[in-house]
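Worksheet: one structure, shown below.
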Amino acid sequence: MSLVLGLDSSTQSLSAVILNTESGVVVADHSVNFGKDLPHYGLPHGYDDSGTRGEVSSNPLMWLEALDLLLVQMTGDGVDFSKIKAVSGSGQQHGSVYLKSCFGEKLAGLSAGSNLKNQLAGCLARDRSPIWMDSSTTSECAEIAAAVGGNEVVCAKSGSVAVERFTGPQIRKFSKEDPAGYAGTGVIHLVSSFFASILAGKNVPIDFGDGAGMNLMNLAGKDWDVDLVNATAEGLAEKLPPCAPSNTGSGPISHYFVKKYGFSPACETIIWSGDNPCSLIGMGAASPGKVVISLGTSDTLFAAMPEPRTDPNGFGHVFGNPAGGYMSLICFKNGSLARESVKEQFGLEWNAFEKVALARTPIGNGGLMMLPFYEPEITPAIDTGGPVFSEEGDHSADEFVRAVMEGQFLNMRAHSDWLGVEPTRIYITGGASESDGIAQMIANVFGVPVDRLDVPGSAAIGAAMRAAHGIGEDLADLESKFSQPKEGRTIEPEAGAKGVYDAMVGEFRQFLGRQ
Ligand code: XUL
């Protein structure tokens with residue numbers, strides 16, 4: 001039997017899947033929700049957005065406690081970790097963890113008699129981790145861009161213009177606001193490489209997939225870019241772990257997990273990647289051709305790319321593809337966040353987002369359009385202070401539901417043409433992808449059939465597939481077992497919808513331009 005473990009540390013939860021790569025079966029699927037299961041951190045959605053200038057952060061101690069809790073719960077549910085051959089993981093992208101130089105030594109000496117949180121708390125050089133939702137670093141982005149000769153240079157080197165949520169601008173802000181804390185930082189990890197280091201019991205590299213989301217890595221050279229690193233903060237080169245290909249092995253699992261949870265001392269660890277690069281693998285989209293929309297806390301649209309191609313408007317990104325080559329990604333912050341706001345405003349259940357509610361309103365909402373930006377949006381970078389309608393008046397709950405979804409996917413269509421890919425089919429994943437109403441909306445707005453995969457959580461599945469690939473299993477074989485569309489659940493576009501949305505996408509652009 002060949003079992004591999006994939007972990008996924010996302011914005012709101014930490015999840016685990018175990019795959020049997022011989023039989024093609026998902027044998028375990030567990031999750032700890034930060035808000036519900038660890039309420040004592042006071043972060044109901046896994047993050048603190050109380051900052052007044054767009055700061056959004058999380059608590060690395062909560063992540064550590066979640067890892068122990070998840071493994072305790074899985075043991076309680078009868079999971080036997082001794083058969084796991086390899087483990088890897090997926091982390092929310094861009095978030096950073098600031099550690100003192102003692103981190104590596106502490107990891108090597110962890111005692112199974114205590115827990116991760118108590119043993120590693122003293123190694124934090126900063127008690128908060130800024131995460132991808134943070135938008136507070138506009139001036140640091142401008143400073144970095146100016147120092148290297150403009151945003152065109154940042155984009156040509158790193159695959160993205162300087163972006164508020166990316167790690168480099170976040171590091172610069174920390175170094176300016178807390179010089180002593182920055183000076184006391186020995187190593188800066190991403191969420192992905194932080195967890196990967198804990199599993200390996202030593203500091204491990206940052207992979208090319210997630211590393212590209214920092215404004216620090218040179219895409220072509222696949223290593224830290226000296227100019228960008230120097231423009232970001234003094235002494236940063238010494239604080240960054242090395243960059244490495246995503247399938248890099250980092251040795252056997254730490255003795256902490258062997259003694260405490262019964263892992264085999266021969267279980268191999270593979271370095272982690274970001275959630276979007278892992279989803280690319282989990283969706284079977286590692287080779288160019290498939291366009292994926294992931295519907296999570298944020299919505300993202302991504303695809304493998306044969307050649308790195310950058311967004312002239314600066315909203316899209318190029319990351320490393322964990323299977324080699326590159327991937328494009330566009331992130332829309334108002335994903336589930338906006339859908340949840342409408343649900344809460346009208347006291348609705350999720351089934352309001354199903355086809356049945358949409359059937360009560362016409363395709364195109366009779367010309368009513370919404371800019372669905374409940375939070376400051378990333379793509380495009382705009383803060384409308386809340387949703388904006390094209391027509392004043394009291395709008396019904398049904399009109400709101402249609403308007404938020406049409407607004408989201410028209411915005412996605414309007415901002416993805418730079419990819420130069422005309423999708424012929426779209427694959428969707430993430431919590432909201434189970435909704436037939438949302439799937440139908442995507443099929444209608446893009447005018448192509450929409451498919452879902454048979455397995456849950458593509459980021460965790462992709463992480464587990466990467467673990468198997470890292471110990472020599474064939475990726476194409478893994479894709480044929482775990483990344484197959486659910487039979488009989490393809491959603492076709494409705495007759496006449498494409499024409500309505502082809503016309504509306506131009507009107508949406510104009511409406512956006514007037515803000
Ligand atoms: C991608 C991004 C988000 C996070 C969410 O650039 O910021 O999709 O990765 O976890």
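Mind checking the per residue accessible area of region 139-267 for me, 1.4 Å probe, whole number of Å²? Present the calculation step by step, with values, prior to reporting the outcome.
Details: 4160 Å² over 129 residues.
Normalised by residue count, the accessible surface of region 139-267 is 32 Å².
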Using only Cα atoms, tell me the angle between helix 397-414 and the longest principal axis of the chain; keep it within 0 to 90° and round to the nearest 10.
70
Contact order normalised by residue count of region 366-450, Cα under 8 Å, 6+ apart, percent:
26
For labels at residue 183 and residue 220 in the simple 7 Å Cα→Cβ model, what's the distance in nm?
3.8
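Mind checking the full-extension length gain between residue 434 and residue 486? Use 0.36 nm per residue of separation minus the Cα-Cα distance, one decimal, nm. Walk me through the intermediate numbers first.
Numbers: separation 52, 0.36 × 52 = 18.72 nm, distance 1.11 nm.
Extra length from residue 434 to residue 486 when fully extended: 17.6 nm.
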Kirkwood hydrodynamic radius, region 266-335, all distinct C-alpha pairs: what's the number in Å?
12.6
Descending packing, highest mean Cβ count within 10 Å first, for 412-424, 136-148, 186-198 is 186-198, 136-148, 412-424
Rounded to the nearest 5, the percent of antiparallel DSSP beta bridges in the chain equals 70
Work out the charge dipole of region 92-232 with +1 on the Cβ of Lys and Arg and -1 on the Cβ of Asp and Glu about the Cα centre, then indicate which of 95, 159, 203 is farthest towards its positive end.
203
Folded to 0 to 90 degrees: helix 458-470 orientation relative to the chain principal axis, Cα:
40
For region 374-465, which GluC sites (Glu not before Pro) pass both filters: DSSP loop (anything but H, G, I, E, B) and at most 14 other C-beta atoms within 10 Å?
391, 392
To the nearest 20 debye, what charge dipole does region 1-146 have about its Cα centre, counting +1 at the Cβ of each Lys and Arg and -1 at the Cβ of each Asp and Glu?
300
Shape box of region 172-252 [Cα atoms, principal axes, largest first, Å]:
37, 30, 16
Computed FRET efficiency, Cβ-Cβ of residue 2 and residue 152, R0 45 Å: what is it to the nearest 0.05?
0.45
Which listed residue (373, 272, 314) has the Cα farthest towards the positive end of the charge dipole for region 241-384, taking +1 on Lys and Arg C-beta and -1 on Asp and Glu C-beta about the Cα centre?
272
Mean separation of Cα contacts under 8 Å (at least 6 apart) over the residue count of the chain, i.e. the relative contact order in percent, is 15
The chain, helix-only ellipticity at 222 nm - DSSP H runs n ≥ 4, -39,500 (n - 2.57), divided by all residues, nearest 500
-10000 deg cm²/dmol
Relative contact order, percent, region 116-246 [alpha-carbon distance under 8 Å, six or more residues apart]
26
Relative to the first principal axis of the alpha-carbon coordinates of the chain, what is the inclination of helix 497-513, with its axis defined by its Cα atoms, in degrees from 0 to 90 and to the nearest 10?
70
Qualifying lysines (Cα of each under 20 Å from Cα of residue 36; at least 8 residues distant if same chain)
117, 343
25 Å Cα-Cα threshold exceeded, pairs from 83/202; 85/239; 85/260; 100/176; 106/222; 85/290:
85/239; 106/222; 85/290
Step through the table entries 355/481; 333/355; 333/498, compare each Cα-Cα distance with 27 Å, and write down the pairs that go over it.
355/481
I want the local charge near residue 183. Using Cβ-Cβ distances under 13 Å, sum +1 for each Lys or Arg and -1 for each Asp or Glu among the other residues.
0
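Measure off, as a whole percent, the carbon and sulfur share of the 1.4 Å-probe accessible area of the chain, all protein chains present.
Values: 9040 of 18180 Å².
Percent of accessible area from carbon and sulfur atoms in the chain: 50.
Mind checking the dipole of the chain: about its Cα centre, +1 per Lys or Arg Cβ, -1 per Asp or Glu Cβ, Debye to the nearest 20?
Working: 37 positive and 60 negative charges, 204 e Å.
Using only the charged Cβ atoms, the result is roughly 980 debye.
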Over region 470-515, with neighbouring protein chains present, the accessible area per residue in Å² at probe 1.4 Å is 57
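The values are calculated or read from the model by the stated rules, or taken from the named source; none is laboratory data. Note that this is a predicted model, so its numbers are computed, not measured. With ideal geometry, Cβ positions are generated from the backbone for all residues, glycine too; neighbour counts draw on all protein chains shown. Heavy atoms of the whole protein, side chains included, go into the accessibility calculation; ligands, DNA and RNA do not. Shrake-Rupley method; radii C 1.70, N 1.55, O 1.52, S 1.80 Å.
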